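Colleague: Would you mind keeping the following structure in view while I ask a few things?
Each reported figure results from applying straightforward, stated rules to the coordinates on display, with no laboratory input. What you are looking at is a predicted structure, and each value in this text was computed from that prediction instead of being measured. Cβ placement follows ideal geometry from the backbone for every residue including glycine, while neighbour counts extend to all protein chains displayed.
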Amino acid sequence: MGGQRKTPERKRGTVSPTLLAFGRRFRRFREAKGWSQENAARRANNGEGVTGQYIGAVENGRTRCTREFARSMDDAMGADGQLLELWNDLVQDATFPTWFDWHTVEAAAAQLQGYQPLLVHGLLQTRAYACEILRGNETQVEARMKRQSILTREEEPPPVFSLVLDQVALERPVGPPETMREQLQHLVAMSALHNVTIQIVPSSGTHDGNSGAFTLATMEDRSEVAYADMAARGMTLSDPEDIAIVTNSLIEIRSLALPVDQSLEVIHRTAEERWSN
């Protein structure tokens, strides 16, 4: 999610009707208990809990919860197996639509793992870098900057973000040298956050990542959704077979990546040697 692309706004029908139906029934069970979303969240996953935001995502059909989550909530709500049956009927075979709003997934994720072969990931772009990529479209730039706030939010735990970046993204000119230098320095600064990890893949050889950029989101209940970059716009994936392909690609790419400390040295050295003038 690093390039120029206008993400379509959510339109009627972009939320899976079966996920939405499950969410509405879930809400009825919760309200029958007199619980707020936060009350229900504390009881999820056998007491391990999730955030109230995640309960909202389930109820609005914005996430495909796991069977274990449904089972634990069925027990907590005393639904006598009804919620689990609804999961079997409505959620088990449901997938996110191709045009599903990825940004709602990204914001609700507990963990994000990304690979970028050509550009810096959108969550780590500076304003100047994003402005070059988005060709000065201030509306899109502002939207991208706002997205980045999930990494430093304090009202709830930020997602753990692990990025694997091809070395070519450090050397590929985007704007003037000062924009690139600032961008690389920003990567080093962001890597100091406890929830952000950056690794560099040397630009040599072939691997599954050559097919394009992607991000894998793991939700609070351990369900997974992927976002794959395409020429016109991204595609959201939740089919288990698609997720397996993305996961295997990520494992292969990460096996080729430099350790974190060496990766930061490469970023710093490139900023100083290539983009200092």
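Colleague: With Cβ to Cβ distances under 13 Å as the rule, what net charge do the other residues near residue 263 carry (K, R +1; D, E -1)? Show your work: numbers first, answer last.
Modeller: Numbers: positive: 254, 269; negative: 166, 261, 265.
Summing Lys/Arg as +1 and Asp/Glu as -1 gives -1.
Colleague: Continuing with this model, one more query. Could you work out the relative contact order of the chain? I mean the mean sequence separation of Cα pairs under 8 Å and 6+ apart, divided by the number of residues, in percent.
Modeller: On the way: 467 pairs, mean separation 59.5, N = 277.
That works out to 21 percent.
Colleague: Right, another one. Among 266, 136, 194, whose Cα projects farthest towards the positive end of the dipole of segment 109-273, with charges put on the beta-carbon of Lys, Arg (+1) and Asp, Glu (-1)?
Modeller: Going by the Cα projections, it comes out as 136.
Colleague: How many nm is it between the label spots at residue 274 and residue 218, if each spot is 7 Å from the Cα in line with the beta carbon?
Modeller: Spacing of the two 7 Å Cα→Cβ label points: 3.1 nm.
Colleague: In debye, nearest 20: dipole of the chain around its Cα centre with unit charges on the Cβ of K, R (+) and D, E (-)? Could the numbers behind the result be given before it?
Modeller: Values: 30 positive and 37 negative charges, 170 e Å.
With only Lys, Arg, Asp and Glu charged at Cβ, the dipole is about 820 debye.
Colleague: Which of 72, 263, 36 moves the most in a Gaussian network model of the chain with Cα springs under 10 Å?
Modeller: Fluctuation is largest for 36.
Colleague: With a length cut of 27 Å (Cα positions projected on each helix's long axis) and a Kyte-Doolittle mean of at least 0.0, go through the chain and give me the DSSP H helices that pass.
Modeller: Details: long enough: none.
Taking the DSSP H segments of the chain (at least 27 Å long, mean hydropathy at least 0.0), we get none.
Colleague: Compute the signed sum of charges (Lys and Arg +1, Asp and Glu -1) over the other residues within less than 12 Å, Cβ to Cβ, of residue 239.
Modeller: On the way: positive: 64; negative: 93, 224, 241, 242.
With Lys, Arg at +1 and Asp, Glu at -1, the neighbours total -3.
Colleague: Also, quick follow-up: When the chain is fully extended, how far beyond the present Cα-Cα distance does residue 258 get from residue 160, taking 0.36 nm per residue of separation? Display every interim value, and only then the final one.
Modeller: Values: separation 98, 0.36 × 98 = 35.28 nm, distance 1.92 nm.
Gain on extension, residue 258 to residue 160, equals 33.4 nm.
Colleague: Let me ask another. Sort 121, 103, 186, 194 so the one with the fewest other Cβ atoms within 10 Å of its own Cβ comes first.
Modeller: On the way: 121 22, 103 16, 186 19, 194 7.
Lowest to highest Cβ neighbour count: 194, 103, 186, 121.
Colleague: Just add up the charged neighbours of residue 203: K/R +1, D/E -1, any other residue whose Cβ is under 11 Å from the Cβ of residue 203. Don't jump to the answer; show the numbers that get you there.
Modeller: Numbers: positive: 172; negative: 166, 171.
Here the charged neighbours net out to -1.
Colleague: What spacing in nm lies between the two simple spin-label points modelled at residue 71 and residue 251, each 7 Å away from Cα in the Cβ direction?
Modeller: Those two pseudo-labels are separated by 2.4 nm.
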